[in-house]
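See structure below.
The values are calculated or read from the model by the stated rules, or taken from the named source; none is laboratory data. In this text the structure is predicted, and so the values were computed from the model without any measurement. Cβ: placed from backbone, ideal geometry, glycine included. Neighbour counts: every protein chain shown. Ligands, DNA and RNA are stripped out before the accessible areas are found, and what is left, the full protein with its side chains, is counted by its heavy atoms. Shrake-Rupley method; radii C 1.70, N 1.55, O 1.52, S 1.80 Å.
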Amino acid sequence: MTSTGCRYILICSGKGGVGKTTLTANLGIALARQGMRTAVLDADFGLRNLDLLLGLENRIVYTAQDVLSETCRLEQALVKHKQEPDLALLPAGNPRMLEWLKPEDMQKIAAMLGEIHDIVLIDCPAGIEDGFKNAAAAAQEAIVITTPEVSAVRDADRVIGLLNTRGIKPIQMVLNRVRPKMMANQEMLAVDDVTDILALPLLGLVLEDEQVIVSTNRGEPLTLNGSNSPAATAYGNIARRICGEDVPLIDPSKVKQGLRAKFSRLMQTKIF
């Protein structure tokens, strides 16, 4: 790949809609705040959303496609985040790129990013089709994100198998949308169940948090605005672990429900 010492981390999932792009955006901000020169590469050419989640959609002039075709220089295509100067986005190109893009093209783009960044996060398309293969070709490490649902875990298992055959390591897991009460009532797979099935080290647990939806719609990642919501804290801790810090994982069974959540549920209760 390159000898610059840059880390190339693939953020992937088997099932769509499990929070992969949201994780990429929030980790990008959090890592930049750790002082890491961070690039986020949107490799989902079919359904690009990373620019929206970062609030950068209106500032895109050039894309990865233009860099590959040498229509522009890499520096022209990179979109620097105004509030976090150590973070830059390389937007996905036209969906038609899927017709001709090859793994070597992704490797070329990633190597160029690695020359001027410490970490490159690659937002991978869900599934195991050509988009996944292209994105994986540019990666050295991987974070597999899943939710505690049987279908999502099964799909994640298939992705892990493909990552192993490519020699990508380490492969770590982020468990998203964890609901402690449902786990306690055995209405959702427990953390130990998921780790036993996937046999991956757990990089982080992200609790179900409605603030994620709010921040996504605003194009303002939770890690950008100093939020102390459960998800924001989790994203920040994941970034610290990536940087080598020893940060304890939360125990869902010991999570106490906040007064606001209890009051909200009480107000929704119908009294006859």
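Evaluation of L52 against the conditions (1) of a type outside the set (G, A, S); (2) farther than 25 Å from G244 by Cβ; (3) in contact with a Leu (Cβ under 7 Å, 6 or more places away or on another chain) shows that the sole unmet condition is (3). Only helices (runs of 4 or more DSSP H) whose full extent lies in segment 93-142 are considered here, and the ones with at least 2 residues that are in contact (Cβ under 8 Å) with a residue 60 or more places away in the chain and of a type outside the set (A, V, I, L, M, F, W, C) are 103-114, 130-137.
Scanning segment 138-165 for residues being at pLDDT 95 or above, within 30 Å of P85 (Cα to Cα) and of a type in the set (A, V, I, L, M) gives a total of 5. Any chance segment 149-171 includes a residue that's buried (at least 24 other Cβ atoms within 10 Å of the Cβ) and not in a helix (DSSP H, G or I)? Within segment 149-171, not a single residue is buried (at least 24 other Cβ atoms within 10 Å of the Cβ) and not in a helix (DSSP H, G or I).
Evaluate the following for N185: is it open to solvent by 40 Å² or more (accessible area, probe 1.4 Å) and not basic (K, R)? It is true that N185 is open to solvent by 40 Å² or more (accessible area, probe 1.4 Å) and not basic (K, R). Is it the case, given these coordinates, that G55 is outside any helix (DSSP H, G or I) and not polar (S, T, N, Q)? Answer is yes for this residue.
Considering only residues that are in contact with a strand residue (DSSP E or B) (Cβ under 7 Å, 6 or more places away or on another chain) and open to solvent by 80 Å² or more (accessible area, probe 1.4 Å), which ones fall in segment 68-77? None - no residue of segment 68-77 is in contact with a strand residue (DSSP E or B) (Cβ under 7 Å, 6 or more places away or on another chain) and open to solvent by 80 Å² or more (accessible area, probe 1.4 Å), so the list stays empty.
Out of segment 31-50, which residues are open to solvent by 10 Å² or more (accessible area, probe 1.4 Å) and either assigned to a helix (DSSP H, G or I) or over 12 Å from C124 (Cα atoms) (or both)? R33, Q34, G35, M36, R37, listed by residue number.
Residue by residue, here is whether (1) farther than 15 Å from L113 by Cβ; (2) in contact (Cβ under 8 Å) with a residue 60 or more places away in the chain; (3) surrounded by 14 or more Cβ atoms within 10 Å (Cβ to Cβ) holds:
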| residue | (1), (2), (3) |
| --- | --- |
| G55 | yes, yes, yes |
| N58 | yes, no, no |
| D66 | no, no, yes |
| V79 | no, no, yes |
| K82 | yes, no, no |
| P85 | yes, no, no |
| P91 | no, no, yes |
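Scanning segment 194-219 for residues that are in a loop (DSSP other than H, G, I, E, B), open to solvent by 40 Å² or more (accessible area, probe 1.4 Å) and of a type in the set (A, V, I, L, M, F, W, C) returns a single hit, A199. Being small (G, A, S), under 18 Å from E141 (Cα atoms) and in a helix (DSSP H, G or I) is a description that does not apply to A234.
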